[in-house]
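Chemist: Here it is: the structure, laid out below.
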Amino acid sequence: MASSVRITYISFIPYFRGSLLMLAKKTSKNQITLPKAIADLFPDTTYFDVRAEEGRIVLVPLRPGRAEEVRTKLEALGIREADVADAIDWARRK
């Protein structure tokens, strides 16, 4: 039986204190494109902390200029710079 993920809502705190309900599709490569109206709320955000909570996918923007947060998160996940380069090469071959 295939598992499915249902996005009930996406909450972005502290940048936006409202609620928007939009549809996002997961591709066969497990990529999700944020709707433009959502992405436009975070023009300087490149990285998001991603987690699953109570059947929901939660994205929390990492603050601009906080590269150390990204490095710490990647290190905690055991992801090295070479892993990122390998992933990019793999994705480009697909």
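Chemist: Among the helices (runs of 4 or more DSSP H) contained in the stretch 2-94, which hold 1 or more residues that are modelled with pLDDT of 90 or more and in contact with a His (Cβ under 9 Å, 6 or more places away or on another chain)?
Modeler: none
Chemist: Within the stretch 73-84, track down each residue that is out of contact with any strand residue (DSSP E or B) (no Cβ under 8 Å at 6 or more places or on another chain) and surrounded by 12 or more Cβ atoms within 10 Å (Cβ to Cβ).
Modeler: Answer for the stretch 73-84, where residues must be out of contact with any strand residue (DSSP E or B) (no Cβ under 8 Å at 6 or more places or on another chain) and surrounded by 12 or more Cβ atoms within 10 Å (Cβ to Cβ): L74, I79, D83.
The values are calculated or read from the model by the stated rules, or taken from the named source; none is laboratory data. All of these numbers come straight from a predicted model, not from anything done at the bench. Every residue, glycine as well, gets a Cβ built from its backbone with ideal geometry; the counts of neighbours run over all protein chains shown.
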